[in-house]
Amino acid sequence: MTAKRSPEDITILPRDLRFDVASAKTGHWLDGDPVATAVLNTLSMTFPDGERLFMDAVRAYKDRLTGKLAQDAKDFITQEALHSREHHLLNRMIDRDKYPVERIEEQIRERIAFSRARGPMRMLISTICLEHFTAMLADMFAAHDDMFTKTDPALRDLWRWHAMEETEHKAVAYDVFLEATKDWPAWRRYFRRCMAMLLISYFFPRNIATYSAWMLEADGYTPEEAKKAVKRFLWKEPNFFGRGWKIWITWFKPGFHPWDHDNRALMEDWRSEFTPVAAE
């Protein structure tokens, strides 16, 4: 049985956009909400190093790719490079004298280094799992667009642009994985990706919650208050992570493909805003 691949009409267009993120210096830039700001700042801190890992994981298999997938992989790498650049600039706006940014970034670098040390295939498997999370987050941003009603439009657009492009390329690394493992028995491919997802599904949300709580402690929350506030935001109200469980669980279906959840229509309005400016 041939594994499913991305629909032929899925196109990936790197958009070389730059966003004025200076308003993030004001502190609680996300509608004045310290909890939401802490969580999104923490997510942003994971992106520069994390997306470089994704780029290198796909690049390691470029010699095995042909046709549309080869072009999609190239465009994926370009998109991720642009995301990394813009989030690096956003992260520089966070007050490093007040918030434990360097401590968090060091933790992230250590985890990325551990993943890299395990070799190209494990890097690729980590990438496909984390790309499933970022695709889920794109849906979360669409569902929670009302979070940005009082936010500087430039910062809102940064996150909308990123979410839209994550949707566009959500299956590229997965298709590369299928190509790189085409000679594997199906059970081995299924077992490896499911075990990796279980591990990442434990560590990734836990790390985001921990780092976000550290950020809130710098705002004057007690450790207990910080943990409770972050837990509520992620899993109760607005349930930022929890709403994605139906998408998350589809990963464990035999024959799964990221485009089984076809949410192209959800992103059409965002795409029309950003498509005119494309990367060279």
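In the set Ser126, Ser84, which member is under 14 Å from the mean Cα position of the chain (by Cα), surrounded by fewer than 20 Cβ atoms within 10 Å (Cβ to Cβ) and either in contact (Cβ under 8 Å) with a residue 24 or more places away in the chain or more than 17 Å from Ile208 (Cα to Cα) (or both)? Outline the logic, then answer.
Numbers: Ser126 fails: surrounded by fewer than 20 Cβ atoms within 10 Å (Cβ to Cβ).
When all the criteria are applied, what remains is Ser84.
Select from region 19-36 the residues that are outside any loop (DSSP other than H, G, I, E, B) and touching a residue at least 40 places away in the same chain (Cβ under 8 Å) and write down the one among them that is surrounded by the fewest Cβ atoms within 10 Å (Cβ to Cβ).
Lys25
For region 89-119, how many residues meet the condition of being assigned to a helix (DSSP H, G or I) and either of a type in the set (Val, Ile, Thr) or surrounded by 15 or more Cβ atoms within 10 Å (Cβ to Cβ) (or both)?
Total satisfying the criteria: 12.
So which helices (runs of 4 or more DSSP H) stay within region 167-269 end to end and still have 3 or more residues that are touching a residue at least 12 places away in the same chain (Cβ under 8 Å) and of a type in the set (A, V, I, L, M, F, W, C)?
Result: 172-180, 186-218, 223-235.
Tell me the residue from Ala180, Ala135, Ala173, Ala163 that is under 21 Å from Met55 (Cα atoms), among the hydrophobic types (A, V, I, L, M, F, W, C) and out of contact with any Phe, Trp or Tyr (no Cβ under 9 Å at 6 or more places or on another chain), please. Spell out the reasoning first.
Numbers: Ala180 fails: out of contact with any Phe, Trp or Tyr (no Cβ under 9 Å at 6 or more places or on another chain); Ala173 fails: out of contact with any Phe, Trp or Tyr (no Cβ under 9 Å at 6 or more places or on another chain); Ala163 fails: out of contact with any Phe, Trp or Tyr (no Cβ under 9 Å at 6 or more places or on another chain).
Ala135 is the lone residue from the list that is under 21 Å from Met55 (Cα atoms), among the hydrophobic types (A, V, I, L, M, F, W, C) and out of contact with any Phe, Trp or Tyr (no Cβ under 9 Å at 6 or more places or on another chain).
Conditions (1) surrounded by fewer than 18 Cβ atoms within 10 Å (Cβ to Cβ); (2) under 30 Å from Glu237 (Cα atoms); (3) basic (Lys, Arg); (4) touching a Gly at 6+ places or on another chain (Cβ under 7 Å), marked per residue:
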residue	(1), (2), (3), (4)
Arg122	yes, no, yes, no
Asp146	yes, yes, no, no
Asp157	no, yes, no, no
Thr167	no, yes, no, no
Asp183	yes, no, no, no
Ala186	yes, no, no, no
Leu198	yes, yes, no, no
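Yes/no per residue for (1) among the β-branched types (Val, Ile, Thr); (2) at pLDDT below 95; (3) within 24 Å of Asp31 (Cβ to Cβ):
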residue	(1), (2), (3)
Pro120	no, no, no
Thr149	yes, yes, yes
Trp161	no, yes, yes
Tyr174	no, no, no
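Give the residues of region 100-135 that are hydrophobic (A, V, I, L, M, F, W, C) and in contact with a His (Cβ under 9 Å, 6 or more places away or on another chain), sorted by residue number.
Ala135
Hey, among the residues in region 221-259 that are hydroxyl-bearing (Ser, Thr, Tyr) and surrounded by fewer than 16 Cβ atoms within 10 Å (Cβ to Cβ), which one's nearest to the chain's Cα centre (by Cα)?
Thr250
The values are calculated or read from the model by the stated rules, or taken from the named source; none is laboratory data. Computed from a predicted model, the values in this text were never measured in an experiment. Methodologically, a virtual Cβ is constructed for each residue, glycine included, from the backbone with ideal geometry; neighbour enumeration extends over all protein chains shown.
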